[in-house]
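See below for the structure under consideration.
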Amino acid sequence: MTRTVHQGARFSGTVSFEATGCGMGEYMKKLKEKVWQAWFPYLACQYPMDFQGADAVVSITLDKAGRVRILKVVESAGSPVFSSYCMEAIQKAGDFGPLPPEILALLGKDELEIKFAFHYR
């Protein structure tokens, strides 16, 4: 199988948000939706032009109950305020619910680190 790389797209990670046949796929889809609802509407209304072209990658460590334990910016470009806002959106999204048991068993630990990328164009 050949991968075609499109400008602006990156192939990274091991879970697709469309892979809802397993507990982790469904969990990640709900997590993405909660973060999006806390992030985009406010950003688009309050700062429509200020952050255009900004990018941030945020590392989120969740405990087994789905609460944010560690939150940090690992990459930032365009605006440090944008990166701060991305972290705030994750905090606003709040509790993400318990991690799927099959993921905890697979990882062999009681937490999950996720890198979440934000791009504002």
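Numbers at a glance
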| quantity | calculated |
| --- | --- |
| Lys pairs, region 24-121 - Cα-Cα below 18 angstrom, 8 or more residues apart or on other chains | 18 |
| Under the Debye formula (equal points on every Cα, no solvent term), log10 I(q)/I(0) of region 55-121 at q = 0.20, 0.26 Å⁻¹ | -0.77, -1.06 |
| Relative contact order (percent, whole number), region 59-121, Cα cutoff 8 Å, 6+ residue spacing | 46 percent |
| Sulfur and carbon atoms: percent of accessible area, region 73-121 [1.4 Å] | 55 percent |
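The values are calculated or read from the model by the stated rules, or taken from the named source; none is laboratory data. None of these values were measured; they are calculated from a predicted model. Each accessible area value is taken on the protein alone, full model and side chains, heavy atoms only, with ligands, DNA and RNA left out. Shrake-Rupley method; radii C 1.70, N 1.55, O 1.52, S 1.80 Å.
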